[in-house]
Amino acid sequence: MSEINELFSRCGIAEQEFTGGTLSVCSPIDGAELARIPERSVAETPAVIARSLAAFKKWRLIPAPVRGELVRLWGEELRAVKTDIGRIVSLEVGKIVEEGLGEVQECIDICDFALGLSRQLYGKTIVSERPGHRIMEQYHPLGPVGVITAFNFPSAVFAWNAALALVCGDPVIFKPSEKAPLSGLATVKALDRAIARFGNRAPDGLVQIMIGRGDIGAALVASPDVALISATGSTRMGRAVGPKVAERFGRRILELGGNNAMIVTPHADLDMALRAILFGAVGTAGQRCTTLRRLIVHGSVKTKLLAKVLAAYETLRIDNPLTAGTLVGPLIDKTAFDQMQSSIEQARAQGGRVLTGGQRVHADRFPEGYYVRPAVIEMPAQTDIVRHETFAPILYVLEYDDFDAAIEMHNDVPQGLSSCIFSNNMREVETFLSASGSDCGMANVNIGPNGAEIGGAFGGEKETGGDRESGSDAWKQYMRRTTNTINFSTELPLAQGITFG
Ligand code: NAD
């Protein structure tokens, strides 16, 4: 049996699920075909949604702490196959081994989080202005949740959504990226095993996966029976999805593109900044939504910092992501490579100076794999191309002299996902975090923009979508709130002191 077939078998993926289909999934490592998956069709969507609705009617009646037991079991199942799913992530998306494992660890972490949450779906008790009255809030299950994911977090983003949805009492319909459905399928299989152990308290159709293209996502988006659409991907996709969900007054969580920056001030620890720049800009070959794309550095430290950055870029090991020591694996496909080349050309035309990188490497060893040397481009100003998210390892360097102007430049992009400052100056740091500072959903100090923990709410402003998922109180979006006023007196006083009749 080949390595991939052994992996599939250990993850519970049956042969007919990865052979004989129409969706060819190729590894970005070398272009080798990993699977030919039978695709689901749009015509099947109504039946899938109907099953999900039927499951909802049962699942919402199971007490939340009991629902939590299911995600606890899911966490156990994920721990048992962590290295296998991590390997599938590496094969399918090209992440280095450590990052593939880290992705599965995120799934495990969110299961732990959701288990605790299952006993903490708190509403408030509110004092009433009327005697003998009490006001309270309750959170109730919402309905089927459609989860549409991007290729670059093929396992974790599903888990972030599904773990919360399940404890909140919602069934899940999962539409993975057509570029990376295998990691998602393996993650669902672990959940299927947890459901089998959980027993018949879990209704049929509680979790369903629909592998296919964007049209399946669009069918979920259009259905008024899918109460919440959680869609992760490009701003282009979000522009199509957002208005469609709004048209039917549905709920949505949009997690779209980022254009994340780091401000390095004269008060920064440059060695720490350097390490954060490296992981931030070249990790996952620049294919994280939170990848560092803009370095806004004070003129007084620019030369020194850039020298360190360029020296470190020289030593980057770009290679097969499965090989120990590799730091940069391949881009997902040729389209991503072409987009990177086009952006570099545009940057040059807009006055940019390529300081290093941009070229394809290992084309002889991997004619079907798109490995690139990460690029650093010095820009005279924040031009159009800098304001655009190119999903590849390009780091634009911009200089500033005045701190307020640096923040203005930082915020002057359409996206608003993640951001950071490197400074040991309290005034600079607090200003960056204040109302007049970074306008992003995530703003960090002395760490890079990426590698978020699941405990915080994840998401961004402006064209990133404005929504949050994962930790903190993101769970509230998976539930509906009712405000209940209870009169335990023998009178019927009206609010605002109104007398009526
Ligand atoms: P993509 O937009 O091409 O595809 C994402 C998903 O949307 C896929 O499953 C696709 O089938 C589906 N889709 C496409 N058109 C659709 C439509 N009209 N209706 C419903 N579904 C549709 O994105 P990608 O190339 O897979 O991922 C890269 C992008 O994702 C980057 O822009 C990155 O920043 C973003 N991303 C954002 C986050 C975040 O949390 N903010 C996380 C990961 C990735």
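Tally the residues that are within 24 Å of ALA156 (Cβ to Cβ) and assigned to a helix (DSSP H, G or I), restricting the search to segment 286-330.
Final tally of qualifying residues: 1.
Which of the residues that make up segment 45-79 are without any contact (Cβ under 8 Å) to a residue 40 or more places away in the chain and under 23 Å from PRO154 (Cα atoms)?
Correct list: ARG79 only.
All but one of (1) touching a helix residue (DSSP H, G or I) at 6+ places or on another chain (Cβ under 7 Å); (2) touching a residue at least 60 places away in the same chain (Cβ under 8 Å); (3) closer than 27 Å to SER27 by Cα; (4) of a type in the set (A, V, I, L, M, F, W, C) hold for ALA375; which doesn't?
It is condition (2) that ALA375 fails.
What's the total number of residues in segment 171-196 that are away from the ligand (no atom under 16 Å from the Cβ), touching a Gly at 6+ places or on another chain (Cβ under 9 Å) and either free of Cβ contacts under 8 Å to residues at least 24 places away in the same chain or under 19 Å from VAL66 (Cβ atoms) (or both)?
Total meeting the criteria: 4.
Tell me which helices (runs of 4 or more DSSP H) are completely within segment 168-247 and hold 1 or more residues being crowded, with 20+ Cβ neighbours inside 10 Å and more than 21 Å from the chain's Cα centre (by Cα), or say none if there are none.
181-198, 214-222
Residues are listed down the side, and each one gets a yes or a no for (1) crowded, with 18+ Cβ neighbours inside 10 Å; (2) within 16 Å of the ligand (Cβ to nearest atom); (3) closer than 19 Å to PHE151 by Cβ:
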| position | (1), (2), (3) |
| --- | --- |
| GLY299 | no, no, no |
| PRO330 | yes, yes, yes |
| GLN359 | no, no, no |
| ALA363 | no, no, no |
| PHE366 | yes, no, yes |
| GLY369 | yes, no, yes |
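Going through segment 301-318 one residue at a time, which ones are more than 16 Å from GLY357 (Cβ to Cβ) and either within 16 Å of the ligand (Cβ to nearest atom) or surrounded by 16 or more Cβ atoms within 10 Å (Cβ to Cβ) (or both)? Give the steps one after another, and end with the answer.
We begin by selecting, within segment 301-318, every residue more than 16 Å from GLY357 (Cβ to Cβ); these are 301-305.
VAL301, LYS302, LEU305, listed by residue number.
Looking at GLY437, is it on the phi < 0 side of the Ramachandran plot, modelled with pLDDT of 95 or more, surrounded by fewer than 14 Cβ atoms within 10 Å (Cβ to Cβ) and assigned to a loop (DSSP other than H, G, I, E, B)?
It is false that GLY437 is on the phi < 0 side of the Ramachandran plot, modelled with pLDDT of 95 or more, surrounded by fewer than 14 Cβ atoms within 10 Å (Cβ to Cβ) and assigned to a loop (DSSP other than H, G, I, E, B).
Take the residues in segment 475-501 that are touching a Leu at 6+ places or on another chain (Cβ under 7 Å) and either of a type outside the set (Phe, Trp, Tyr) or surrounded by fewer than 10 Cβ atoms within 10 Å (Cβ to Cβ) (or both), then tell me which one is modelled with the lowest pLDDT.
PHE500
Condition (residue is touching a strand residue (DSSP E or B) at 6+ places or on another chain (Cβ under 6 Å), closer than 20 Å to GLY451 by Cβ, in contact (Cβ under 8 Å) with a residue 60 or more places away in the chain and not in a helix (DSSP H, G or I)) applied to segment 133-143: is it met by at least one residue?
Taking every residue of segment 133-143 in turn, none turns out to be touching a strand residue (DSSP E or B) at 6+ places or on another chain (Cβ under 6 Å), closer than 20 Å to GLY451 by Cβ, in contact (Cβ under 8 Å) with a residue 60 or more places away in the chain and not in a helix (DSSP H, G or I).
Go through segment 153-163 and count every residue that is in contact with a Ser or Thr (Cβ under 8 Å, 6 or more places away or on another chain) and in a helix (DSSP H, G or I).
Final tally of qualifying residues: 5.
For segment 258-276, what are the residues that are more than 20 Å from the chain's Cα centre (by Cα) and assigned to a helix (DSSP H, G or I)?
Selection gives LEU270, ASP271, MET272, ALA273, LEU274, ARG275.
Restricting attention to segment 251-262, does a residue exist that is surrounded by fewer than 24 Cβ atoms within 10 Å (Cβ to Cβ), away from the ligand (no atom under 16 Å from the Cβ) and closer than 19 Å to CYS440 by Cα?
Checking segment 251-262: not a single residue is surrounded by fewer than 24 Cβ atoms within 10 Å (Cβ to Cβ), away from the ligand (no atom under 16 Å from the Cβ) and closer than 19 Å to CYS440 by Cα.
The values are calculated or read from the model by the stated rules, or taken from the named source; none is laboratory data. These numbers were taken from a predicted model, which means no experiment stands behind them. Reconstructed Cβ throughout: ideal geometry from the backbone, glycine too, with neighbour counts over all protein chains shown.
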